[in-house]
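Read through the structure below, which is laid out as structure tokens, and then see the notes.
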Amino acid sequence: MRNAEINRKTKETDISLKLNLDGGDVKIDTGIGFFDHMLNSFATHGGFGLEVNVKGDLNVDDHHTIEDTGIVLGQAFNKALGDKSSIERFGSFYVPMDEALAFASLDISGRPFMVFDADFPQEKCGDYTSAMTVEFMRAFAYNAGITLHVKCEYGYNSHHIIEAIYKAVAHALKIAVKQNDSGKPLSTKGVL
């Protein structure tokens, strides 16, 4: 069973999330239209079933809603992958989005780390703060136990840059979570 369901409630957010690594329904409602669009793109391009419902303190700003969703999505990936046996483990992918080109490379290693190199010319995309992209990706990577490298090679439209990043990460994950017939983790140690 490569799926997980996580519910997390704090004083700032109330999140319910269902993830299926092998596909399924995609239903996203975070209260932030552009973020919904990014998570829909993430699920679609990764081939994941993803249902997310978030009630966040949007009267403050979008920070807690976006970062906490990254935490919960990361926890769901970690749970759905179990002992990480029989997966390809590594994935890398480039995504062009009009003038922008983004790259993501990752290792589902159990050793969380992130390198993020992207600039956002426009501060906002709708009600989504562009700089929250790095916060989401960091929260996701650390809670999923993934080493994640993200780079935007170039671009001048924040919408295109952010969307290319989400899609590149999704495609890299799709490659890395693909099942193989080994029956064991891809590691010289024998465990991850």
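Points to keep in mind about this one:
- Taking the stretch 100-163 and the strands (runs of 3 or more DSSP E) fully enclosed by it, the elements with 1 or more residues that are touching a His at 6+ places or on another chain (Cβ under 7 Å) are at 100-107, 113-117.
- Condition check for I146: in contact with a strand residue (DSSP E or B) (Cβ under 6 Å, 6 or more places away or on another chain) and under 24 Å from D36 (Cβ atoms): yes
- Here G82 clears all of (1) at pLDDT below 95; (2) surrounded by fewer than 16 Cβ atoms within 10 Å (Cβ to Cβ); (3) over 17 Å from K18 (Cα atoms) except the condition numbered (3).
- Odd one out for D22, checked against (1) under 24 Å from G155 (Cβ atoms); (2) surrounded by fewer than 22 Cβ atoms within 10 Å (Cβ to Cβ): (1)
- Within the stretch 10-50, tally of residues that are over 24 Å from K124 (Cα atoms), of a type in the set (F, W, Y) and in a helix (DSSP H, G or I): 0
- Unmet requirement for A144, which otherwise passes all of (1) crowded, with 21+ Cβ neighbours inside 10 Å; (2) out of contact with any Gly (no Cβ under 7 Å at 6 or more places or on another chain): (2)
- Single condition G155 does not satisfy, out of (1) surrounded by fewer than 16 Cβ atoms within 10 Å (Cβ to Cβ); (2) at positive phi: (1)
- Filtered residues of the stretch 85-128 (kept if at positive phi, in contact with a helix residue (DSSP H, G or I) (Cβ under 9 Å, 6 or more places away or on another chain) and surrounded by 15 or more Cβ atoms within 10 Å (Cβ to Cβ)): R89, G110
- Enumeration of residues in the stretch 66-106 that are under 17 Å from the mean Cα position of the chain (by Cα) and β-branched (V, I, T): I66, T69, I71, V72, V95
The values are calculated or read from the model by the stated rules, or taken from the named source; none is laboratory data. Note that the structure is predicted; figures quoted are calculated from it, not measured. In this analysis, Cβ positions are derived from the backbone assuming ideal geometry, glycine residues included, and neighbour counts consider all displayed protein chains.
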